[in-house]
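Only one structure is covered here, and it is reproduced in the block below.
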Amino acid sequence: MLRRRMVLGLVLALGVAGCGGGSTSGQGTRPAPAAAAPSPSAAPELVGCSGGPSVAFTPMAVTSPGTGAGLAVGVAGEGPVGVVIANTLTGYHCDWLIWADHLVKRGFRVAVFEYGDVPQTVGIPAMLDRGSDEMAAIGAGLRKLGTQKVVYAGGSLGGSVALATAADPAAEAAGVISLSGGLDGMEELAERLSVPALYAAAEEDFSGGVADLARSLHKATPKGRSTLLVYPGAQHAGEMFNDERYADELQAKLEAFLRDV
């Protein structure tokens, strides 16, 4: 019932912000599948990216709990802490190459993926359910690889999906990161968090109201478990890593958060 009440809030909070969160992937049309190294799992391939850092992702076999089909999942890096990153409404893992590259170089394991459903087709309520189930399944896959702690992260819609995932004890989250994410009504989920949370947003985010929503989620999260970062400008989700005014500081604070989970 909570997720039904959140639908209108998400539409208002995201608006055009549901589009991709970065400038590296050429949003608007689905990129062509990338040529991937052969994998015995025969996992679906990640889409191709038109630019950005070259991150060597290895396919990981994960089945979508909602559809039973294989998911396009890529894993890079090593380390005891893993980060699963969920995409925006119309974006792809390409939007997260800058952050993924940083994480891998700093000793973290990162997993990117493409949703098993097209968000605009199945609708927001289904995405909160299916997307969070997919994130949890990928987190379980990372733990099989030796990851000791899994943090769920995302931008815009992906930030909402990550929060829904982390609020479910079955997902075994170590923390959650939401960049320009969340929606009206998600304060109820934030109140139930038992893990550290980090909310980041740009004050003048072009979708409107995102910074205020981040403040609201921060306030709702149990005291002492939440970090709030609000920066100037209008960048949204993955685009925040392109803003020269604060991109380095944002990367440093995200890294510090991950080392403390």
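The values are calculated or read from the model by the stated rules, or taken from the named source; none is laboratory data. What you see is a predicted model, and the numbers here were worked out from it, not measured in a lab. Heads up, the Cβs are rebuilt from the backbone with ideal geometry, glycines too, and the neighbour counts pull from every protein chain shown. The protein model used for the area step is the full one, side chains on, heavy atoms only, and it has no ligands, DNA or RNA in it. Shrake-Rupley method; radii C 1.70, N 1.55, O 1.52, S 1.80 Å.
Could you list, in their original order, any pairs among LYS144/LYS223; LYS105/LYS219; LYS223/LYS253 whose Cα atoms are separated by more than 22 Å?
In this structure, LYS144/LYS223; LYS105/LYS219 lie more than 22 Å apart at Cα.
Please work out whether the stretch 169-261 counts as rounded, prolate or oblate from its C-alpha gyration tensor, where a ≥ b ≥ c are the square roots of the eigenvalues and a/c under 1.5 means rounded, while otherwise a/b larger than b/c means prolate and anything else oblate?
Oblate is the answer for the stretch 169-261, as a/c is 1.5 or above yet b/c matches or exceeds a/b.
What are the principal axis extents of the Cα atoms in the stretch 51-119, in Å, biggest first?
Principal-axis extents of the Cα atoms in the stretch 51-119, largest first: 34, 25, 16 Å.
Taking a virtual spin label 7 Å from the Cα of THR58 along the C-beta vector, which residues in the stretch 133-153 bring their backbone nitrogen under 20 Å of it?
137-151
What shape does the stretch 28-178 take by its C-alpha gyration tensor, where a ≥ b ≥ c are the square roots of the eigenvalues and a/c under 1.5 counts as rounded, a/b above b/c as prolate, and the rest as oblate?
rounded
Just order 71-78, 188-195, 142-149 by mean Cβ neighbour count inside 10 Å, highest at the front, would you?
71-78, 188-195, 142-149
Fully extended, how many nm does the chain gain between GLU204 and ARG143 (0.36 nm per residue separation, minus their Cα-Cα distance)?
Residue separation times 0.36 nm, minus the Cα-Cα distance, leaves 18.2 nm.
Where the accessible area of the stretch 59-105 is counted over protein heavy atoms with a 1.4 Å probe, how much of it, in %, is carbon and sulfur?
Accessible surface attributable to carbon and sulfur in the stretch 59-105 totals 53 percent.
Report, in debye and to the nearest 20, how large the dipole of the stretch 150-244 comes out about its Cα centre when Lys and Arg carry +1 and Asp and Glu carry -1 on their Cβ.
400 debye
Between rounded, prolate and oblate, where does the stretch 103-261 land on the alpha carbon gyration tensor, with a ≥ b ≥ c its root eigenvalues, rounded for a/c under 1.5, else prolate if a/b exceeds b/c?
Because its axes are fairly even, with a/c under 1.5, the stretch 103-261 counts as rounded.
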